[in-house]
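Undergrad: Got a structure here, written out as structure tokens. Questions coming.
The values are calculated or read from the model by the stated rules, or taken from the named source; none is laboratory data. Since the structure is predicted, the reported quantities are computational estimates derived from the model, not experimental observations. Here Cβ is always computed from backbone atoms with ideal geometry, including for glycine, and neighbour counts include all displayed protein chains. All accessible areas refer to the heavy atoms of the entire protein, side chains included, with ligands and DNA or RNA removed. Shrake-Rupley method; radii C 1.70, N 1.55, O 1.52, S 1.80 Å.
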Amino acid sequence: MGFGVEGLFVWSKTMKKVCFFMFLLCLNAASFLVSAESQTCPADLGGKCSDSDEWQGEFFPGIPQIKYEGPSSKNPLAYRWYNAEEEILGKKMKEWFRFSVAFWHTFRGTGGDPFGAATKYWPWEDGTNSVSMAKRRMRANFEFLKKLGVDWWCFHDRDIAPDGNTLEGSKIRPLWGTAQLFLHPRYMHGGATSSEVGVYAYAAAQVKKAMEVTHYLGGENYVFWGGREGYQTLLNTDMERELDHMARFFESAVAYKKKIGFNGTLLIEPKPQEPTKHQYDWDAATAANFLRKYGLINEFKLNIECNHATLSGHTCHHELETARINGLLGNIDANTGDAQTGWDTDQFLTDLGEATMVMMSVIKNGGIAPGGFNFDAKLRRESTDVEDLFIAHISGMDTVARGLRNAAKILEDGRLSELVGKRYSSWDSELGKQIEEGKADFEYLEKKAKEFGEPKVPSAKQELAEMIFQSAM
Ligand code: XUL
Ligand code: CO
């Protein structure tokens with residue numbers, strides 16, 4: 001690594017841009033998802049392995065601006081369901097979604113896996129880790145976003161080294177930034193929950209800088225995904241102490257956010273395991289309980305990732321509803337897993353039923369701004385054409401857009417909410433109201449129970465609910 005931890009602390013106005021690169025590239029030396037076999041160059045400002053970031057013409061020649069062509073279109077480079085300016089339930093589609101591209105998957109993913117080398121060699125990559133390469137990659141990102149008609153992107157501190165000039169003055173901004181606290185060996189026992197106090201301090205310094213960078217780039221949220229905040233065995237773990245440390249870490253993040261005037265939402269991204277056996281942010285309910293216990297519930301929201309939801313044994317809909325009813329639904333990492341595969345496959349969401357349920361929650365929540373839909377999803381290892389990057393995002397965007405249309409249809413149709421309303425109608429009675437208002441104690445209820453006799457219990461109408469749901473597909 002080219003720079004020591006001192007590099008994290010330099011941040012003066014005049015040195016802003018230089019330090020920005022130094023910081024990011026220092027971190028980048030151990031960059032996530034850059035396969036071990038790729039050539040590495042010193043992460044310095046000289047860019048020794050690559051002379052310049054120049055790239056003649058477009059990065060994606062032959063790929064047009066992606067437009068809405070409607071459901072009958074057979075053009076793979078067009079939207080069938082996502083029509084950015086069209087209003088659904090009083091809000092433009094682009095406002096419902098606030099789509100974002102995950103920089104780490106789309107621009108740093110190589111297709112490498114534990115059994116095989118990289119399969120993707122994008123034409124603009126020169127095999128180096130130089131500043132000029134990082135700038136060129138960021139230009140490719142901006143062209144990609146513009147062609148898709150997407151205004152947001154998300155990053156880990158360690159997968160970017162952007163050109164400040166390119167980023168300033170553009171309406172394209174980070175939806176969120178985050179610090180990558182899981183790749184480097186120093187984080188093997190965790191960051192905020194490490195058994196080593198020095199690692200906690202290092203993690204804090206890294207988050208501090210990543211928050212500054214997110215703020216500097218105009219980001220609207222900041223994410224904490226605790227990749228190694230968990231344990232492999234309780235036999236060697238003081239779980240209570242580790243959780244207390246994690247809470248202190250989040251308290252400091254809240255204080256620092258306020259200190260630098262960063263108004264973005266802080267988001268916790270639950271995931272049950274992988275890479276650790278047990279991660280502390282297991283699911284939405286666990287994260288909510290943690291936030292409540294430590295008095296942080298009003299300072300954070302949740303970033304729900306669909307593939308993480310299924311890993312924790314829930315549906316994405318369940319996780320979204322748990323977050324929503326706790327006032328914690330902040331962002332969606334829009335992806336999906338594979339029912340036959342037991343890990344985080346990070347696939348683009350293409351299941352219409354799932355997408356419709358996702359959008360039912362989003363509508364009930366009144367949208368998720370300032371959060372959005374971040375495609376934390378990657379091409380399959382075997383998909384190796386540049387156009388596959390576009391097709392994957394178009395398909396993911398179209399699926400949730402179609403889900404939004406279906407969810408709106410279900411809402412307008414009214415039969416499902418009528419079914420639910422009817423199911424709970426006994427609670428609209430005087431007794432129901434008394435109970436809901438906390439005005440019915442056990443003695444009173446016993447009296448009522450005797451008065452009513454055996455209650456009549458009606459059908460739940462599950463199949464009818466499913467029939468109504470299906471009819472909107
Ligand atoms: C890992 C995951 C991360 C976070 C950001 O499963 O989802 O990419 O979204 O660190
Ligand atoms: Co994620």
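Undergrad: Could you list the chymotrypsin sites (Phe, Trp or Tyr not before Pro) in region 111-218 that lie in coil according to DSSP, counting only those with at most 15 other Cβ atoms within 10 Å of their Cβ?
TA: Qualifying residues, ordered by number: F115, Y121.
Undergrad: A further question on this structure: Please identify which residues in region 313-354 have an amide N closer than 16 Å to a label point set 7 Å out from the Cα of D113, following the Cα→Cβ vector.
TA: Answer for this model: 336-348.
Undergrad: While we're on this one: Accessible area per residue, 1.4 Å probe, Å², for the chain: what's the number?
TA: Normalised by residue count, the accessible surface of the chain is 47 Å².
Undergrad: Considering only DSSP states other than H, G, I, E and B, which GluC sites (Glu not before Pro) in region 375-473 qualify as loop sites with at most 13 other Cβ atoms within 10 Å?
TA: E382, E437
Undergrad: Now for a different question. If I model a spin label as a point 7 Å beyond the Cα along the Cα-Cβ vector, how far apart are those points for M188 and S471 in nm?
TA: Simple spin-label model gives 6.0 nm for this pair.
Undergrad: Under 15 Å between C-alpha atoms is the cut-off here; go through region 206-302 and count lysine pairs that meet it, provided they're at least eight residues apart or on different chains.
TA: Lysine pairs satisfying the spacing and distance rule in region 206-302 number 9.
Undergrad: Still on this structure, please answer the following. Can you give the extra length, in nm with one decimal, that the chain gains between D238 and W343 once fully stretched, where that is 0.36 nm per residue apart less the Cα-Cα distance?
TA: 35.1 nm
Undergrad: Taking the Cα centre of the chain as origin and charging only Cβ (+1 Lys, Arg; -1 Asp, Glu), how large is the dipole, in debye to the nearest 20?
TA: Details: 54 positive and 64 negative charges, 192 e Å.
With only Lys, Arg, Asp and Glu charged at Cβ, the dipole is about 920 debye.
Undergrad: Per 20 Å bin, what is the whole-percent P(r) computed from every C-alpha pair distance within the chain?
TA: 22, 53, 20, 4, 0
Undergrad: Could you give the length gained on full extension between D351 and E58, defined as 0.36 nm per residue of separation minus the Cα-Cα distance, in nm?
TA: Taking D351 through E58 to full extension adds about 102.2 nm, to one decimal.
Undergrad: What are the aspartates and glutamates whose alpha-carbon lies under 14 Å from the alpha-carbon of K461, with same-chain residues fewer than 8 places away excluded?
TA: Reachable aspartates and glutamates: E418.
Undergrad: In whole angstrom, how far apart do the alpha carbon centroids of region 124-138 and region 406-420 sit?
TA: 50
Undergrad: Here's a follow-up. What shape does region 197-321 have by the C-alpha gyration tensor, where a ≥ b ≥ c are the square roots of the eigenvalues, rounded means a/c under 1.5, and otherwise prolate means a/b greater than b/c and oblate the rest?
TA: Values: a/c = 1.78, a/b = 1.22, b/c = 1.45.
Oblate.
Undergrad: Also: Report the number of Lys pairs in region 349-448 whose alpha-carbons are under 28 Å apart, with separation of 8 or more residues or on distinct chains.
TA: Lysine pairs, 8 or more places apart or on different chains, close enough: 12.
Undergrad: Whenever you get a sec, compute what percent of the accessible area on the chain sits on carbon and sulfur atoms (1.4 Å probe).
TA: The value for the chain is 54 percent carbon and sulfur by accessible area.
Undergrad: Quote the relative contact order of region 161-267 in percent (integer), defining contacts as alpha-carbon pairs under 8 Å separated by 6+ residues.
TA: 32
Undergrad: Calculate, for N263 and E451, the FRET efficiency according to 1/(1 + (r/R0)^6) with r their C-beta to C-beta distance and R0 56 Å; round to the nearest 0.05.
TA: 0.50
Undergrad: Run through region 383-442 and list the trypsin sites (Lys or Arg not before Pro) located in a DSSP loop whose Cβ has at most 13 other Cβ atoms within 10 Å.
TA: K439
Undergrad: For K364 and E412 in the same chain, what is the full-extension length gain: residue separation times 0.36 nm, less their Cα-Cα distance, in nm?
TA: 16.0 nm
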